[in-house]
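Okay, so here's the structure we're looking at.
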Amino acid sequence: MRAIIIGAGIAGLAAALRLERAGWDVLVAERAPERRGGGYGVTFGGIGHDGAERMGILPALRRRAFVTRELIYRRPDGEPRFTLSGQVITATMGAGSFNILRGDIEAVLYEAVGESAAIRFGTTLTAVDQDDEAVRVTLSDGTVEHADLLIGADGLHSATRALVFGPEEDYRLDMGHRVAVYMLGERPAGLPEGTTGTISAGGRTFAMMSVGDGRTAAFFGYRSDLGRPRRSPEELHEVYGDMGWLVPRALEGLRSADSVYFDTISQMVVDRWSHGRVVLLGDAAWCVTLFAGYGSSLAVGGADLLGAALERHPGDVAAALAEWEARLRPEAEKKQRLGRRVKGVYAPRNRVALELTQLPLRLSSWGPVRRMVERGFQLRG
Ligand SMILES: Cc1cc2nc3c(=O)[nH]c(=O)nc-3n(C[C@H](O)[C@H](O)[C@H](O)COP(=O)(O)OP(=O)(O)OC[C@H]3O[C@@H](n4cnc5c(N)ncnc54)[C@H](O)[C@@H]3O)c2cc1C
């Protein structure tokens, strides 16, 4: 059996690893000229944890995990408001979950895939055509590849989805926010190692995160109407220009950052994840958004379950895809609902709303409130 996978992000590489372990021949086409890496700190757990364990990559992921020992909420001028201890942070993350850089998950998967799957960088797909026997994929390098299955793991703006399922606008649910994330060259002195500092004010959230080995991630999440109609990362200077603390230092880092992740925050609501021999996986299929904080876990867990379903139905791709979607969809939709709930309280515009939404966090070192917070975020094991 042969699969063509579009996209070498977390979903694509996890699928390559899992299918290769199931004895499939795998070709991956990645649009970027080389491995993208980079990213931000994510919480990894749930079905991602279980999938990683079955794929044998959990120890390598854990070695790259980082611990946040303090999360300090600050005023726009930098003055501390309140602090969450490492213990409270861990409790709200859920059993077995850990923090890791998105790029480190990708790196672990890439190493595990090794030479066994062919990865063509600088390559995308331009046409797809299928029948009962096979799917034919025309790639941008001019080749036409035949396979039993095409997996579109090409993210939020999936070209596979556009070609086979229809235009992005038919499926995108805009959450009314934008996000920018990048790594800074060094950890500023004002951010102690292993801590995160965050400011929320006027519909904007900023965070600076020490993610181990001296590495530091800057994060901006804000209501889209605060930015320009023609969006660009440069608008961060206007949107965040009045904030103090380490915000000016982070904005300075924008110029020299290797790679800047900048996008609107949108969910993908796709009523069926497969059409014949073409299946969507990861953000291309269900993007739950950072509001749900579970996209990497769903990508790895989803790839593992896909591989398992294909193993259970040798030679019957349709049966495998139907079983896989029935198993995974409830969990993805639950996380989408969580994302939509969190959106409402993510970056409040006014002080009163901010104080109200953060009150449970302020009180969360107290057991009963902590359990309430844990339940609210549905993050417990
Ligand atoms: C700020 C932020 C915080 C987050 N926090 C968390 C968290 O706490 N926990 C969590 O689990 N998840 C989190 N996520 C989500 C998580 O990063 C994603 O859901 C996850 O990485 C899934 O990735 P993917 O492989 O589906 O898509 P992507 O990472 O977008 O990868 C898609 C790949 O396809 C390639 N590609 C795109 N178009 C084409 C094309 N036309 N042809 C070929 N290749 C193409 C891209 O270059 C890329 O390599 C967060 C996301 C953001 C933005």
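The values are calculated or read from the model by the stated rules, or taken from the named source; none is laboratory data. Everything numeric here is computed off the predicted structure, so don't read it as measured data. Here the Cβ positions follow ideal geometry from the backbone for every residue, glycine too, while neighbour counts run over all protein chains shown. Just the protein is used for accessible areas: all its heavy atoms, side chains included, with ligands, DNA and RNA removed. Shrake-Rupley method; radii C 1.70, N 1.55, O 1.52, S 1.80 Å.
A few remarks follow.
- Under a 5 Å amide H cut-off, with hydrogens placed 1.01 Å from N, I5 pairs with L27, V28, A29, I151 among residues at least 5 apart or on other chains.
- Efficiency of FRET between A65 and R337 - r from beta-carbon atoms, R0 45 angstrom, step 0.05: 0.95
- Along the axis of the charge dipole computed for the range 190-263 (Cβ charges of +1 for Lys and Arg, -1 for Asp and Glu, origin at the Cα centre), the listed residues L191, L246, L226 are led at the positive end by L226.
- Order by protection proxy (mean Cβ within 10 Å, highest first), peptides 22-31, 247-256, 39-48: 39-48, 22-31, 247-256
- Estimated FRET transfer efficiency when R0 is 41 angstrom, pair E169-Q87 (beta carbons, to 0.05): 0.40
- Across the range 258-371, counting alpha-carbon atoms alone, Rg and Dmax equal 18.3, 59 Å.
- D by Stokes-Einstein for the range 1-48, Kirkwood Rh over Cα pairs, 25 °C, 0.890 mPa s: 203 µm²/s.
- Peptides 88-98, 291-301, 197-207, 138-148 ordered by packing proxy, namely the average of other Cβ atoms within 10 Å per residue, highest first: 291-301, 197-207, 88-98, 138-148.
- Cβ-placed point charges (K, R +1; D, E -1), dipole of the range 197-353 about Cα centre in debye, nearest 20: 600 debye
- Alpha carbon Rg of the range 271-312, scaled by the compact-globule rule 2.2 N^0.38 Å: 1.22
- The modelled label-to-label distance for the pair D132/A353, using points 7 Å beyond Cα in the direction of Cβ, is 5.6 nm.
- Carbon and sulfur %, accessible surface of the chain computed with the full protein complex present, 1.4 Å: 51 percent
- Expressed as a whole percent, the proportion of Cα-Cα pairs in the range 73-128 lying more than 13 Å apart is 78%.
- Over the chain, volume per residue of the alpha carbon convex hull, in Å³: 129 Å³
- When you work out D = kT/(6 pi eta Rh) for the range 294-338 at 10 °C and 1.306 mPa s, using the Kirkwood radius from C-alpha pairs as Rh and the Stokes-Einstein form, the result is 147 µm²/s.
- Considering only L356, L246, L19, the Gaussian network model of the chain with Cα springs below 10 Å gives its largest mean-square fluctuation to L356.
- Separation of the range 123-137 and the range 1-45, taken as the distance between their Cα centroids, equals 18 angstrom.
- Relative intensity, log₁₀ I(q)/I(0), of the range 26-122 from a Debye sum that treats every alpha carbon as a point, q = 0.12, 0.13, 0.20, 0.24 Å⁻¹: -0.53, -0.60, -1.03, -1.26
- Rounded accessible area per residue of the chain, 1.4 Å, Å²: 43 Å²
- Fraction of beta bridges assigned by DSSP in the chain that are antiparallel (%, nearest 5): 70 percent
- About its Cα centre, the dipole of the chain is roughly 1760 debye, where the only charges are +1 on Lys and Arg Cβ and -1 on Asp and Glu Cβ.
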